[in-house]
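What follows is a set of notes on a single structure, which appears directly below.
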Protein chains: 2
Amino acid sequence: MSASSQDVLTQLDATSTQPFPNSKRVYITGTRPDIRVPMREISLSDTVLENGVHEINPPVTVYDSSGPYTDPNVNIDIHQGVPEVRRGWIEERDDTEILSKVTSLYGQQRQTDPNLSALRFSHLRPPRRAKAGRNVTQMHYARQGIITPEMEFIAIRENQRLHDSDQLVQHPGESFGAALPKIITPEFVRDEVARGRAIIPANINHPELEPMIIGRNFLVKINANIGNSATTSSIEEEVEKMVWSIRWGGDTVMDLSTGKNIHETREWILRNSPVPIGTVPIYQALEKVDGKAEELTWALFRDTLIEQAEQGVDYFTIHAGVRLPYVPLTAKRLTGIVSRGGSIMAKWCLAHHQDSFLYTHFEEICEIMKAYDVSFSLGDGLRPGSIADANDEAQFAELETLGELTKIAWEHDVQTMIEGPGHVPMHLIRENMDKQLKECDEAPFYTLGPLITDISPGYDHISSSIGAAMIGWYGCAMLCYVTPKEHLGLPNKHDVREGIIAYKIAAHAADLAKGHPNTQVRDNAISKARFEFRWADQFNLGLDPLRAIEYHDETLPKDSAKTAHFCSMCGPHFCAMKITQDVREYAEQKGIIDVKKAMESGLKEKAKEFKKQGSEIYHKI
Amino acid sequence: MSASSQDVLTQLDATSTQPFPNSKRVYITGTRPDIRVPMREISLSDTVLENGVHEINPPVTVYDSSGPYTDPNVNIDIHQGVPEVRRGWIEERDDTEILSKVTSLYGQQRQTDPNLSALRFSHLRPPRRAKAGRNVTQMHYARQGIITPEMEFIAIRENQRLHDSDQLVQHPGESFGAALPKIITPEFVRDEVARGRAIIPANINHPELEPMIIGRNFLVKINANIGNSATTSSIEEEVEKMVWSIRWGGDTVMDLSTGKNIHETREWILRNSPVPIGTVPIYQALEKVDGKAEELTWALFRDTLIEQAEQGVDYFTIHAGVRLPYVPLTAKRLTGIVSRGGSIMAKWCLAHHQDSFLYTHFEEICEIMKAYDVSFSLGDGLRPGSIADANDEAQFAELETLGELTKIAWEHDVQTMIEGPGHVPMHLIRENMDKQLKECDEAPFYTLGPLITDISPGYDHISSSIGAAMIGWYGCAMLCYVTPKEHLGLPNKHDVREGIIAYKIAAHAADLAKGHPNTQVRDNAISKARFEFRWADQFNLGLDPLRAIEYHDETLPKDSAKTAHFCSMCGPHFCAMKITQDVREYAEQKGIIDVKKAMESGLKEKAKEFKKQGSEIYHKI
């Protein structure tokens, strides 16, 4: 079905919305009834001891980015959009006004073009903007000492109820100077946002958003890119991809569309998205001048920013660090400029022989950002596109400029994160992180990979998840996924799933290595299930239960295999886990080891310790 | 087709043997005509400059583990086995004798059992053994100051002809104390083997072997596991998997079969394998006592070692470090013992309440190893099977014992490497490597992953390749692959390919980060191809050309797209690489940048420098 079809969207694919086996979406209520924080609760089966006694394994809650789509109690109508969970919070702050019509000229034109009526989202809301002289950013509130409902929502969400778990034992981590608290409180969230060390991308025109946070002292997040290009894809595919992305764990989604009808596509995506949506406004601006970079103007770009801000985009990638003097530094590179936005701005700078309007009008951009609470994602237009070009003069010159711009944005209380590379060999990754922390004063870093080699087309989700895991450990706050199709073509749903899971692995591994509180609970629970041959629990606690089941069943499809004490990898007589259980039983019978006692002292005692410390501090605010 | 079928093997699948596009197998001759070192040469297309002038891109040679299978000039007959490239070298040393029949009782029994005649490899060779009092290990020769043909072969192979490349520019690495020379000489190979810092697994009964080396100062290697289990697989599938594994880059292959007919399966694999074959002899020993670990005896195990040594197995995993006092240390673990070999030995130790025959008869094992030149792979029977159990007392106690055993093996001039974990969070990986280097005096480390989280069943090739890349960087010499089926079932061909490519990425990234000489040549060549829109060259220089082509063609199948200056990811107007080329042209026209000059100074000058240093030192020995 093409984008020009009369019937834009009918229904989401059931594979995008079906709850995972033994999982249900639950809501934890905060200090007020309209703070309902979603989590996914995975029920586990009992452990059956030798004597036949059943021991209960409590359910494990995990972070849930999937929105209402996986909640069978919510009726989804793509034409209406998802519930506006933030509406009341925005309204009660009483610092915004509803406009009679959209401000941007282009937006007005698209809304009145009769040829687009079939494509247009039918329940358009009038846009909201800060009242004159008001600043509506979460950073502004934070700096006033205000804990917003968004912040409390996030505190509950980050803790995932895990500080009360039976499986709390965890290795102390190495956090490279991060400040990880044992429990995330709303006050901690506020403080980190005020300090600029975390951002809450939350446009006032995106009330459908379930708030989340990006910062080095919180769970590492991942972003999934979607978006059509001139050669393929259409509106319904992109909405479907957004829902698909958040199902597998995308914490934010960037709509990188460059083809036709991107205004309308974006509207559909926003109205149906419970996660922050990011864009690169220069892409659309370039469409408006038929791809002629040198014809871009501040006026046109400004209109595009307002157009997208009034639709509800939560963060903008803006390549304001691509300065004229840096462009020649890229000429001696092996792969020049590989960022689309970067190359557009470089072309503009050369054509006009001056710094770009993104740089020269940066404070005016801040004025727009704070009227809607759009966060900056300061783009790394000069990131390296190959191992050879990593950590070069051009890249680091731009990063220094991004540091300066961060401080300007902060003067306006505009939330800011910084984009990073790219292609970097392992031993040069740490320098990227350290320099970013220093130059940008700990503003959140948001990197694309990095890929740690150039030679893996078709498998770049793997190359880049290696770099992503490492930089996440070193302090990167959000990891932009790469799919297996990177460098080759536009990803399909299969590729999106592969890319997201690779990045969920990287993000979780980074949390574990940093020693982020309670991260190891899920690892402990799945390992216990694995060791006890609770196959279904092992599948369900994994990042992709359906894939695990599918793989297991390829060789042992029968239901009886789900309780068998072996799998096809080793067969019944060679399973080490089975033999170990035999060892324990044998040792116990002979009185050599008191396994029960050993287990008690090893795990359960420690769990008690942790429990004492925790207990729901966020209820006390 | 089952293993009991009359017609064991007919022909290999063409997908396992077809040369890669624009690749051909070439041979570099050493100081004598029978040293013919295989490499894969990838031809590239010309760069077409704006003025229409063609610039030649010289071919790139890459390490080739695929054996004669990808050489169209070699006729492969699975029933005959592959050519015996080492036969002359072994014969001319005149320190071995040909036995009239196999020594092991079990081997004799299998060879005379008429029921097995249909399964049996038909061209059985009589086995070879060291003459009385002689030691035929490569380490022994090395310590006598002898450079064997195997060592010269390896020196040429490791250099890959790349020190003469146009694309030599490379980041200096961080090698954590490794001693990487600019060019590998045969003398360097000898010295590293003598020192125990590298091994050349090369049984005198495996003359089909194309020699390779495992050590921290050489290219990082990867191992692929194959092997049937009682529930699935058969002989022909396993031979096919071996050929498939080396096609994608497996440097060694472990046959972990535990089912029926493993003696016959092993013979077929060895006679057709140009790479070292490793086994875990205790698996077969356990089969011989019907899975009853406590019934294992030294006599039975000894017979099994000789049986396999006379077939030509190049390295044995031996879990001699699982000592009785360590077994109770595993009782308080979350996942006990997860190594099959480890759990078998633990059970034996408990049943007999004494240290195992592997430990008490270790010197006798050394006597067998040196009579055939089988290398030790000292098994980590107590490796952690979960994040919770990483780096614990049991694991490190065993590692210390492995260090002691290494020194005993070295007294016998027996080549030795050490196996490592397992499941380890990122921040605890380095401790594993450092402790191994210290305890085992830099004997090569050979690790399974490690997986850096437990929560990714179905994607454990990714979790573990992250850990593998990191430990490879820190100094690990060989990485044992993990497939997507890990923890779930027996891998099929698709899984083997996925696992191997994930590990080729890890190994290559480790080489890059260490600063291994000339490693970046391939990255530079592929990035240049990518930047110049030489699509076919980009595909062909990648680790899996066929996958890259397949992915590209999913959205742009036409031949014209292979020369197009864009792909479907961004479409024609938004390709950053295209825009950058426009930027360069524009800048040049306006006289802003002299791109040519910048490129010259950036890349080509440096290449000249490197070239001066190199130039085929290995011809001078």
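Within region B:543-555, the set of residues being surrounded by fewer than 20 Cβ atoms within 10 Å (Cβ to Cβ) and among the aliphatic types (A, V, I, L, M) comprises B:546 only. Against the conditions (1) in a helix (DSSP H, G or I); (2) more than 11 Å from chain B (Cβ to nearest Cβ); (3) within 22 Å of the chain's Cα centre (by Cα); (4) within 19 Å of residue A:339 (Cβ to Cβ), residue A:437 satisfies every one except (4). Within region B:37-45, is there a residue that is in a loop (DSSP other than H, G, I, E, B), within 30 Å of residue B:581 (Cα to Cα) and modelled with pLDDT under 95? Within region B:37-45, none of the residues are in a loop (DSSP other than H, G, I, E, B), within 30 Å of residue B:581 (Cα to Cα) and modelled with pLDDT under 95.
Checking the structure you have, find out if any residue of region A:139-146 is in contact (Cβ under 8 Å) with a residue 24 or more places away in the chain, over 23 Å from residue A:309 (Cα atoms) and of a type outside the set (Val, Ile, Thr). Yes, region A:139-146 contains a residue that is in contact (Cβ under 8 Å) with a residue 24 or more places away in the chain, over 23 Å from residue A:309 (Cα atoms) and of a type outside the set (Val, Ile, Thr).
Scanning region B:455-475 for residues that are of a type in the set (A, V, I, L, M, F, W, C), crowded, with 24+ Cβ neighbours inside 10 Å, within 13 Å of another protein chain (Cβ to nearest Cβ) and not in a helix (DSSP H, G or I) turns up at least one hit. The C-beta contact set for region A:29-46 (first residue assigned by TED's automatic domain parsing to the domain that holds residue A:73, second residue exposed (fewer than 14 other Cβ atoms within 10 Å of the Cβ) and not in a loop (DSSP other than H, G, I, E, B), distance under 7 angstrom, 6+ apart or interchain) comprises A:34/A:88; A:35/A:29; A:36/A:27; A:36/A:29; A:37/A:27; A:38/A:27; A:46/A:54; A:46/A:55.
Does residue B:196 satisfy the criteria of being in contact with a helix residue (DSSP H, G or I) (Cβ under 6 Å, 6 or more places away or on another chain), outside the structural domain of residue B:146 (by TED's automatic domain parsing) and under 22 Å from residue B:162 (Cα atoms)? Judged against the criteria, residue B:196 is not a match. Restricted to region A:392-436, and to residues that are in contact with a Lys or Arg (Cβ under 8 Å, 6 or more places away or on another chain) and of a type in the set (D, E, K, R), which residue is farthest from residue B:514 (Cα to Cα)? This residue is A:413. Given the structure, is residue A:299 part of a helix (DSSP H, G or I) and over 29 Å from residue A:479 (Cα atoms)? Against the criterion (part of a helix (DSSP H, G or I) and over 29 Å from residue A:479 (Cα atoms)), residue A:299 qualifies. When the residues of region A:325-356 are narrowed to those that are within 29 Å of residue A:274 (Cβ to Cβ) and assigned to a helix (DSSP H, G or I), which ends up modelled with the highest pLDDT? Top of the filtered list is A:341.
Residue check: residue A:380 meets all listed conditions (1) part of a strand (DSSP E or B); (2) within 14 Å of another protein chain (Cβ to nearest Cβ) but one, namely (1). Put simply, of A:507, A:525, A:502 the only residue that is in contact with a His (Cβ under 6 Å, 6 or more places away or on another chain), under 17 Å from residue A:63 (Cα atoms) and not assigned by TED's automatic domain parsing to the domain that holds residue A:47 is A:502. Summed over region B:327-375, the residues that are facing chain A (nearest Cβ under 7 Å), under 30 Å from residue B:213 (Cβ atoms) and among the hydroxyl-bearing types (Ser, Thr, Tyr) give a count of 1. Scanning region A:226-250 for residues that are touching a Pro at 6+ places or on another chain (Cβ under 8 Å) and crowded, with 24+ Cβ neighbours inside 10 Å yields one hit, A:246.
Only residues that are in a helix (DSSP H, G or I), facing chain A (nearest Cβ under 9 Å) and either closer than 15 Å to residue A:386 by Cα or among the hydroxyl-bearing types (Ser, Thr, Tyr) (or both) were counted in region B:526-562, giving 9.
Within region B:10-48, can you find the residues that are of a type in the set (D, E, K, R), out of contact with any helix residue (DSSP H, G or I) (no Cβ under 9 Å at 6 or more places or on another chain) and within 21 Å of residue B:246 (Cα to Cα)? Matches in region B:10-48: B:41 only. Of all the criteria given as (1) in a loop (DSSP other than H, G, I, E, B); (2) out of contact with any strand residue (DSSP E or B) (no Cβ under 9 Å at 6 or more places or on another chain); (3) among the hydrophobic types (A, V, I, L, M, F, W, C), the one not satisfied by residue A:89 is (1).
This table checks each residue for (1) of a type in the set (Asp, Glu); (2) in contact with a helix residue (DSSP H, G or I) (Cβ under 6 Å, 6 or more places away or on another chain); (3) more than 25 Å from residue A:180 (Cβ to Cβ).
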site: A:419; (1), (2), (3): yes, no, no
site: A:454; (1), (2), (3): yes, yes, yes
site: A:459; (1), (2), (3): no, yes, yes
site: A:474; (1), (2), (3): no, yes, no
site: A:488; (1), (2), (3): no, yes, yes
site: A:495; (1), (2), (3): yes, no, yes
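Flag set for residue B:418, criterion: in a strand (DSSP E or B), of a type outside the set (S, T, N, Q) and closer than 30 Å to residue B:93 by Cα. Can we say residue B:227 is within 30 Å of residue B:181 (Cα to Cα) and of a type outside the set (A, V, I, L, M)? Judged against the criteria, residue B:227 is not a match. When each of A:208, A:237 is tested for being over 22 Å from residue A:512 (Cα atoms) and modelled with pLDDT of 95 or more, the lone residue that passes is A:208.
Residues that are in contact (Cβ under 8 Å) with a residue 40 or more places away in the chain and either facing chain B (nearest Cβ under 7 Å) or within 15 Å of the chain's Cα centre (by Cα) (or both) within region A:484-507 comprise A:490, A:496, A:497, A:499, A:500, A:501, A:502, A:503, A:504, A:505, A:506, A:507, listed in sequence order. Screening residue B:196 against (1) within 14 Å of chain A (Cβ to nearest Cβ); (2) modelled with pLDDT of 95 or more; (3) at positive phi leaves a single unmet condition, (1). The single condition among (1) modelled with pLDDT of 95 or more; (2) under 30 Å from residue A:431 (Cα atoms); (3) surrounded by 24 or more Cβ atoms within 10 Å (Cβ to Cβ); (4) out of contact with any Phe, Trp or Tyr (no Cβ under 7 Å at 6 or more places or on another chain) that residue B:167 does not meet is (1).
Restricting attention to region A:93-109, the residues that are farther than 14 Å from residue A:267 by Cβ and in a loop (DSSP other than H, G, I, E, B) total 6. For region A:264-296, residues that are of a type outside the set (D, E, K, R), under 30 Å from residue A:67 (Cβ atoms), out of contact with any strand residue (DSSP E or B) (no Cβ under 8 Å at 6 or more places or on another chain) and not in a loop (DSSP other than H, G, I, E, B) total 4. A single member of A:253, A:239, A:313 is of a type outside the set (Phe, Trp, Tyr) and in a loop (DSSP other than H, G, I, E, B), and it is A:313. Checked against (1) crowded, with 24+ Cβ neighbours inside 10 Å; (2) assigned to a helix (DSSP H, G or I), residue B:322 passes all but a single condition, namely (2).
The values are calculated or read from the model by the stated rules, or taken from the named source; none is laboratory data. For clarity, every value in this text was computed on a predicted model and none was experimentally measured. Counting neighbours? That spans all protein chains shown, and the Cβs are built from the backbone with ideal geometry, glycine included.
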